[in-house]
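First comes the structure, then the notes that go with it.
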There are 2 protein chains.
Amino acid sequence: MSGRPKIFEEEVVIAKAAELFWRKGFEAASTEELLAAMGIGKGSFYLAFKGGKSELFEKVIEGVSRKELHLLNHTLATSQNKVETLKDLFRSIGLAPKERNQKGCFFGQTIAEFSSTDLPFTDLAARHLLQLEKIFYEVISEAQQDGMLSTKEAPALLAAHLITIWNGLGISRRIAPQPNSLSTLIEMQLKVLQ
Amino acid sequence: MSGRPKIFEEEVVIAKAAELFWRKGFEAASTEELLAAMGIGKGSFYLAFKGGKSELFEKVIEGVSRKELHLLNHTLATSQNKVETLKDLFRSIGLAPKERNQKGCFFGQTIAEFSSTDLPFTDLAARHLLQLEKIFYEVISEAQQDGMLSTKEAPALLAAHLITIWNGLGISRRIAPQPNSLSTLIEMQLKVLQ
DNA sequence: CTACTTATGTACCAATCAGTACACAATAGA
DNA sequence: TCTATTGTGTACTGATTGGTACATAAGTAG
């Protein structure tokens, strides 16, 4: 039944591969580099990931998505002021270290690399952004009903607007000379949530 | 002095290469594909572009940038209402055909592909976005002074905000189910210019 | 015509790509 | 200990990568 034991956990090596994919993109990250980063050999890799590099990348997208959404959902669930928590999500961009900002948004990056092809990566990345938009929508919707938001704008439109800004900041943060300039911009952009 | 005549014009083949680079990105576009698209052979190519694929890509960035900025500047120069012209630039995203929208923004795409490396491509692409931002700034600044804009927000902040939205729409347009949804979003986002 | 200059097409190159084949190692159950 | 099962490491593969070498073509100048 159970032969030689695995020397790695799938979740762990997927997370390590994610780091490299995020930094270099799918095409530029070679399988050899990935294997080195994951700390496993070809034999183990192609046994665990029969689909090779593509399967790995799909699982990386799903893994990063799950982690990020879980973190946000958890923070919201234990938050006193959900709108403020949402705002803090954006504010964190202005406070992030340079290395983090240079990597931008993994999902926006993936869409940029693949949206003109027919690979399934675009759909997976788009699905994440859609889920993020849905979270925005629900927080805004609830806050409006509770009178915590004075804006009369439709929650769906506001959520789509926030996603646009999120993706836009995913580019801006990569080329911003100093993160300080980002913070004042973000603070201004968050005025739509009042 | 003058030997065998060239069978191509540099500007023309650069424009043809731009189409492929824009659709597939730098890494995914192979030199052979590029040569086929440009309609020239390796001999001619490496004589004209001693830096190879990299030099070609730099010239593509510069070429696309120059064209887009020139078009916008020309439209603005002959416009009665510059703010409205700016708005129309954004509105055109909602009206563009699917094939166009799937390509997104070439400069955002390039920044996404390279911002974690030290290649000069990021700087070239960032420079374009900065120039675009400057145009936004000047139109807003002038309109505010002429009383055509009631917003009291600082022109520099508004311009940075518009660039964020521009880059965000560069992602949204790639994954939008139908362009119709984009138009209502864009119209809402343009309310900052009133 | 000859000499010179520049452009073109093709054959070729080493390096790298993602992926496979397979001998061998390590466990569990009998 | 023997067998079955699963995992690992390495050698190898064919294809493709970006790029070079070079013979030849197509012009101009004398």
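A few comments on the model shown:
- Accessible area expressed per residue, the stretch B:79-192, with surrounding protein chains retained (probe 1.4 Å, Å²): 44
- Relative packing of B:163-169, A:157-163, which averages over residues the other C-beta atoms within 10 Å, highest first: B:163-169, A:157-163
- Copy-to-copy label distances for residue A:47, where each label lies 7 Å from Cα along Cα-to-Cβ, are 5.6 nm in order of increasing length.
- 10 Å-binned pair-distance histogram of the stretch A:123-194 (Cα, whole percent): 19, 44, 31, 7
- Per-residue mean of C-beta atoms belonging to partner chains within 10 Å, peptide A:172-182: 4
- The alpha-carbon atoms of the stretch A:1-57, seen along their principal axes, cover 39, 18, 15 angstrom, with the largest extent given first.
- nm² value of the averaged projected area, convex hull over the Cα atoms of the protein assembly as shown: 24.3
- Estimated distance in nm for a label pair at residue A:95 and residue B:150, the labels positioned 7 Å out from Cα along Cα-to-Cβ: 3.6
- Pairs exceeding 22 Å between alpha-carbon atoms, taken from A:82/A:152; A:87/B:103; A:103/B:53: A:87/B:103; A:103/B:53.
- Label points for residue A:62 are taken 7 Å from Cα along Cα→Cβ. From this copy to the others they lie 4.6 nm apart, shortest first.
- Averaged over the residues of B:104-113, the number of partner chain Cβ atoms lying within 10 Å of the residue Cβ comes to 6.
- Semi-axes of the equivalent ellipsoid for chain A, Cα gyration tensor, largest first, Å: 35, 19, 15
- Within the stretch A:52-71: backbone nitrogen closer than 14 Å to the residue A:6 label point (7 Å, Cα to C-beta): A:56, A:59-60
- The local environment of residue A:14, defined by Cβ-Cβ distances under 12 Å, has a net charge of -3 under the rule Lys, Arg +1 and Asp, Glu -1.
- Nearest-first distances (nm) between copies at residue B:2, label 7 Å from Cα via Cβ: 8.0
The values are calculated or read from the model by the stated rules, or taken from the named source; none is laboratory data. Remember, predicted model here, so these are calculated numbers, not experimental data. Glycine also receives a Cβ, built like all others from the backbone with ideal geometry; neighbour counts cover every protein chain displayed. What goes into the accessible areas is simple: the full protein's heavy atoms, side chains included, and nothing from ligands, DNA or RNA. Shrake-Rupley method; radii C 1.70, N 1.55, O 1.52, S 1.80 Å.
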